[in-house]
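Any read-out appearing in this document is the output of simple, stated calculations on the displayed coordinates, not a laboratory observation. Being a predicted model, the structure only gives us computed values, none of them experimental. With ideal geometry, Cβ positions are generated from the backbone for all residues, glycine too; neighbour counts draw on all protein chains shown.
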Amino acid sequence: MKIEHVCINAIDIERMKDFYCRLFSFVPNEKYHNDKTGWENYFLSTDSGARLELLSKKGMPLQKKERDSSGFVHIAISLGSKEEVDKTIKKAEEEGCEILSLGRVTGDGYYEASFLDIEGNMVEITI
């Protein structure tokens, strides 16, 4: 089994697409729009086969996100090296993202950093 994709409901789908493509070199498909429901989406792909879906609809309310609440907390993206983690957290900071932790070795031995994307979703980057 593998997780095929993760979906983020986005307030500004174009801005989110551009952000994730810049930071992680995702490749977007052509945007899909459902005229009946108003929903639109992009699938952002990687060489590894993992995909990130961005989904949006006009008038969607911004969900309050709390790190210590139940439910999905973050997406983790493996970048393959300590240098890529450090480079990407610096890029996230330059994009104006709130940095939660700089590159560090966690208690369970992972090298990781984390930040909130431009809509407040937690992203963890690791080796």
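I'd like the residue in the stretch 50-84 that is of a type in the set (A, V, I, L, M, F, W, C) and more than 20 Å from PRO28 (Cβ to Cβ) and, out of all such residues, is nearest to the chain's Cα centre (by Cα).
ALA76
Which pairs have Cβ atoms under 8 Å, sit 6 or more apart or on different chains, and link a residue in the stretch 83-102 that is closer than 21 Å to LYS65 by Cα to one that is loosely packed, with under 13 Cβ neighbours inside 10 Å?
Hits for this filter: GLU95/ARG22.
A quick yes/no check of all residues on (1) of a type in the set (Ser, Thr, Tyr); (2) part of a strand (DSSP E or B):
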site	(1), (2)
PHE43	no, yes
SER48	yes, no
LEU62	no, no
SER70	yes, no
ILE75	no, yes
LYS87	no, no
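How many of the residues in the stretch 1-33 are over 14 Å from ASN121 (Cα atoms), out of contact with any Asp or Glu (no Cβ under 7 Å at 6 or more places or on another chain) and assigned to a loop (DSSP other than H, G, I, E, B)?
8
Look through the stretch 66-110, keep the residues that are under 15 Å from VAL123 (Cβ atoms) and hydroxyl-bearing (Ser, Thr, Tyr), and return whichever of them is surrounded by the most Cβ atoms within 10 Å (Cβ to Cβ).
For the stretch 66-110, the residue satisfying everything is THR88.
For the stretch 92-125, what are the residues that are closer than 25 Å to ILE13 by Cα, out of contact with any helix residue (DSSP H, G or I) (no Cβ under 6 Å at 6 or more places or on another chain) and not acidic (Asp, Glu)?
Residues satisfying the conditions are ALA92, GLY96, CYS97, LEU100, SER114, LEU116, GLY120, ASN121, MET122, VAL123.
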